[in-house]
Amino acid sequence: MQSEIQTDRLIIRPLCMEYAASLHTYISDPDNARMMLFLPHDSWEETVEFVRKAELEWRKQKPEYYEFIVLLGGQNVGSVSVYMEDDFQTGELGWIIDKRYWHQGIATESARALVEYSVKQLGLKHFMAHCDAENLASRHVMEKLGMKLTDAGRVRKNR
């Protein structure tokens, strides 16, 4: 199975230890991760454990999730993921972009590429995503991907 995804300006690769330090930079930054449910990471060790688990998942015959790093000009500028639902036909999308690269369309471009990959390589047919109630940028990404708001009644807030 192909595991690297390319767009006109991005390279999207499986998360591995090579990118742990650059990943830690933005997922441990409270300002960058303020609207994320399971972030920021409190320690380097927490990030290393996360990366190790992602690497192990990639090695499985049938992974339950796929974590990718997003590269722009060789720099790690964010990450995208797809987590399989029980039916293995639906995937939950996620993304986080380093705040130094916000407002450049990277989240939309990388998430759109991941959807295409997930349909072709993983056989997914449906997608969903969640975001903090105040995260209008992520909500706009979802809309650009063609997603429809199905539940605004429950307010999801960062930890």
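The values are calculated or read from the model by the stated rules, or taken from the named source; none is laboratory data. Keep in mind it's a predicted model, so treat the numbers as computed, not measured. Cβ sites come from the backbone with ideal geometry, for glycine too, and all protein chains shown count toward neighbours. To get the accessible areas, we keep the full protein, side chains included, count just its heavy atoms, and leave off ligands, DNA and RNA. Shrake-Rupley method; radii C 1.70, N 1.55, O 1.52, S 1.80 Å.
Here the dipole of the chain is about 340 debye; that uses its Cα centre as origin and unit charges on the Cβ of Lys and Arg (positive) and Asp and Glu (negative). Packing here is the average count of other Cβ atoms within 10 Å per residue, and on that basis the peptides 52-65, 112-125, highest first, run 112-125, 52-65. Debye-formula intensities of the stretch 53-104, expressed as log10 I(q)/I(0) at q = 0.17, 0.20, 0.23 Å⁻¹, are -0.61, -0.76, -0.88 (one equal scatterer per alpha-carbon, no solvent). Roughly speaking, what % of Cα-Cα pairs in the stretch 1-142 are separated by over 27 Å, rounded to a whole number? When every Cα pair of the stretch 1-142 is considered, 14 percent fall beyond 27 Å. Taking the charge dipole of the stretch 1-150 about its Cα centre, with +1 at Lys and Arg Cβ atoms and -1 at Asp and Glu Cβ atoms, the residue from Thr47, Ser138, Leu72 reaching farthest to the positive side is Leu72. Solvent exposure of the chain, expressed per residue, is 58 Å² of accessible area, with all protein chains present and a 1.4 angstrom probe.
For the stretch 1-146, the carbon plus sulfur part of the accessible surface works out to 50%, probe radius 1.4 Å.
Shape analysis of the stretch 109-149 yields a ratio of the Cα radius of gyration to the Kirkwood radius, Rg/Rh, of 1.00.
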